[in-house]
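The values are calculated or read from the model by the stated rules, or taken from the named source; none is laboratory data. None of the values given here were measured: they were computed from a predicted structure. Note that we place each Cβ from the backbone using ideal geometry, even for glycine, and neighbour counts take in every protein chain shown.
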């Protein structure tokens, strides 16, 4: 039954649709109160912590594994960066699968821009792989204006800020600022990845492209990448590097030789990373020696 109710906070008489169920405060006052609470949390002094337990994976990780959140007591998010990326990926894939299951239902000829509030043709929006209609929320014109404003704001911040050291996003090491390339797309004026890691990523992409071209040229029979169902993934296996007993889920499965690798995933990742870094350092040293000899 629809009737009128008086708000406990603003003392205004409003329809019952403006209230949440069994609540004497209207929706507008609830939103204002929540905003005030968030502002109070943002102004409160933060407790500095070196380590923190992730609310999802339950692992204790160092401070730099968490994104900044000014509304929490310690100034960090409750979930680590890896768990948040995984959660976002699962959500994006679910949305994409939902759209691909019924593409005609979500296909739109026109869409309303969330910024300028104008209804425009589909061609006026950029594509987005993980949205229901396959389009961005802002039109191309608004995205261009907002991107220009963002870059101008970043340039002002770059001119004001002066940093000596920075932590690499990839290798997680703190290095001198000269070890990073300049970039006006970041707040401090330097890229988030150091020169060594960027060089490794470029060489890996180039190698993958060359392998793909060779495969397309000579032909290739794809191996079925499925772990046999008769293998119990809860079995215990000893890692040859860290000498820790872990379940088979913590090991990568080799589809060519049909068995699990001797090193666990974490140790294997560190080994590949160290191997790539050492190779890149040796390559740069050889290049420097060649230039000095010339």
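To keep it simple, each residue is scored yes or no on (1) modelled with pLDDT of 85 or more; (2) in a loop (DSSP other than H, G, I, E, B); (3) in contact with a strand residue (DSSP E or B) (Cβ under 9 Å, 6 or more places away or on another chain); (4) within 24 Å of residue 67 (Cβ to Cβ).
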position: 185; (1), (2), (3), (4): no, yes, yes, yes
position: 193; (1), (2), (3), (4): yes, no, yes, yes
position: 198; (1), (2), (3), (4): yes, no, yes, yes
position: 203; (1), (2), (3), (4): yes, no, no, no
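Run residue 103 past the list (1) under 28 Å from residue 134 (Cβ atoms); (2) in contact (Cβ under 8 Å) with a residue 40 or more places away in the chain and report the number of the one that doesn't hold.
For residue 103, the failing item is (2).
Can you find, within the range 170-179, the residue that is surrounded by the fewest Cβ atoms within 10 Å (Cβ to Cβ) among those that are in contact with a strand residue (DSSP E or B) (Cβ under 7 Å, 6 or more places away or on another chain) and farther than 19 Å from residue 274 by Cα?
Residue satisfying both the conditions and the ranking: 176.
Report yes if residue 216 is more than 13 Å from residue 280 (Cβ to Cβ), at pLDDT below 90 and assigned to a helix (DSSP H, G or I), otherwise no.
Yes: the conditions hold for residue 216.
Can you tell me how many residues within the range 42-52 are under 24 Å from residue 83 (Cα atoms) and loosely packed, with under 13 Cβ neighbours inside 10 Å?
So the count comes out to 4.
Being touching a residue at least 40 places away in the same chain (Cβ under 8 Å) and either surrounded by 12 or more Cβ atoms within 10 Å (Cβ to Cβ) or closer than 30 Å to residue 196 by Cα (or both) is true for just one of 167, 150. Which residue is that?
So the residue among 167, 150 that is touching a residue at least 40 places away in the same chain (Cβ under 8 Å) and either surrounded by 12 or more Cβ atoms within 10 Å (Cβ to Cβ) or closer than 30 Å to residue 196 by Cα (or both) is 167.
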